[in-house]
Amino acid sequence: GIQVEQSPPDLILQEGANSTLRCNFSDSVNNLQWFHQNPWGQLINLFYIPSGTKQNGRLSATTVATERYSLLYISSSQTTDSGVYFCAVEDNYGQNFVFGPGTRLSVLP
Amino acid sequence: DGGITQSPKYLFRKEGQNVTLSCEQNLNHDAMYWYRQDPGQGLRLIYYSQIVNDFQKGDIAEGYSVSREKKESFPLTVTSAQKNPTAFYLCASALAGAYHEQYFGPGTRLTVT
């Protein structure tokens, strides 16, 4: 089945710094989502981005479907950005979602 | 106010007891999913349902059961056969399968002692 990798596994930043998180997937996809899991465990939808570029405030994402990767950019990071960032794609049958292992981000004040 | 609700937020049970976790959505979504998350780990799929009265096993279905009698409800029962039930359980839904955006409930933390 489709494999999803995320890098880096852990990232520590000083408040105000920028960062780039990467998601690689092993097959072509029609659905790619980025989520932020906050310290209380809630998964927040960041982007639904099977291709192209989107921006939402300090966050933006780009998916290059032909090269099978997606990038999540966080600019001017804040302590509230801390948590785990997951990317997810659909499985080969279009029924389930396959999640990457996540990137754990810690933003220090 | 559309969304997915899970109750309760925290649940404590004694070993050997079955426990049912609630998941309700008012998004009119056909597909619903249950995931398990252990501390510091990713999400693992337990069960999913694409339509009412139908559901399929995910990667770690052993020791769990579900029902889908109504479109808006997808309860998960953690049975006494589940060897290590203490975990964080997340319910999600999508309009019609994995080609659509998935949304998550707030989760239930289950502790079994």
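Looking across B:103, B:35, one residue alone is within 19 Å of residue A:1 (Cβ to Cβ) and surrounded by 20 or more Cβ atoms within 10 Å (Cβ to Cβ). It is B:35. Could you tell me which of the residues A:98, A:107 is at pLDDT below 95, over 14 Å from residue A:8 (Cα atoms), part of a strand (DSSP E or B) and β-branched (Val, Ile, Thr)? Step by step, each of A:98, A:107 is checked, and only A:98 is at pLDDT below 95, over 14 Å from residue A:8 (Cα atoms), part of a strand (DSSP E or B) and β-branched (Val, Ile, Thr). Residues in the range A:20-65 that are β-branched (Val, Ile, Thr) and within 11 Å of another protein chain (Cβ to nearest Cβ): A:29, A:44, A:49. When you check residue A:76 against the structure, is it more than 14 Å from chain B (Cβ to nearest Cβ), in contact with a Lys or Arg (Cβ under 7 Å, 6 or more places away or on another chain), assigned to a loop (DSSP other than H, G, I, E, B) and touching a residue at least 12 places away in the same chain (Cβ under 8 Å), yes or no? So residue A:76 fits the description; yes. Taken over the range A:81-109, the criterion of being more than 7 Å from chain B (Cβ to nearest Cβ) and polar (S, T, N, Q) is satisfied by A:82, A:92, A:103, A:106.
Residue-by-condition table, conditions (1) surrounded by fewer than 21 Cβ atoms within 10 Å (Cβ to Cβ); (2) within 14 Å of chain A (Cβ to nearest Cβ); (3) over 13 Å from the mean Cα position of the chain (by Cα); (4) in contact (Cβ under 8 Å) with a residue 60 or more places away in the chain:
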| residue | (1), (2), (3), (4) |
| --- | --- |
| B:41 | yes, yes, yes, no |
| B:65 | yes, no, no, no |
| B:89 | no, yes, no, yes |
| B:95 | yes, yes, yes, yes |
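Of the residues making up the range B:101-111, those that are at the interface with chain A (Cβ under 7 Å from one of its Cβ atoms) and over 12 Å from residue A:45 (Cα atoms) number 2. Considering only residues that are assigned to a strand (DSSP E or B) and in contact (Cβ under 8 Å) with a residue 40 or more places away in the chain, which ones fall in the range B:67-87? Listed by number, the residues that qualify are B:73, B:76, B:77, B:78, B:87. Evaluated against (1) surrounded by 13 or more Cβ atoms within 10 Å (Cβ to Cβ); (2) within 13 Å of chain B (Cβ to nearest Cβ); (3) within 20 Å of residue A:101 (Cβ to Cβ), residue A:68 falls short on exactly one condition, (2).
Taking first residues from the range B:1-22 that are farther than 24 Å from residue B:94 by Cβ and partners that are of a type in the set (Val, Ile, Thr) and exposed (fewer than 13 other Cβ atoms within 10 Å of the Cβ), the Cβ contacts under 9 Å between residues at least 6 apart in sequence or on separate chains come to B:10/B:111; B:11/B:111; B:12/B:111; B:12/B:113; B:13/B:111; B:13/B:113; B:14/B:113; B:15/B:113. Only a single item in (1) farther than 18 Å from residue B:38 by Cα; (2) surrounded by 15 or more Cβ atoms within 10 Å (Cβ to Cβ) is not met by residue A:42, and it is number (1). Within the range A:55-74, one or more residues are more than 15 Å from the chain's Cα centre (by Cα) and polar (S, T, N, Q). A residue that is within 25 Å of residue B:113 (Cα to Cα), within 14 Å of chain A (Cβ to nearest Cβ) and surrounded by fewer than 15 Cβ atoms within 10 Å (Cβ to Cβ) occurs nowhere in the range B:18-25.
The values are calculated or read from the model by the stated rules, or taken from the named source; none is laboratory data. Note that this is a predicted model, so its numbers are computed, not measured. Note: ideal-geometry Cβ built from the backbone for every residue, glycine included; neighbour counts use all protein chains shown.
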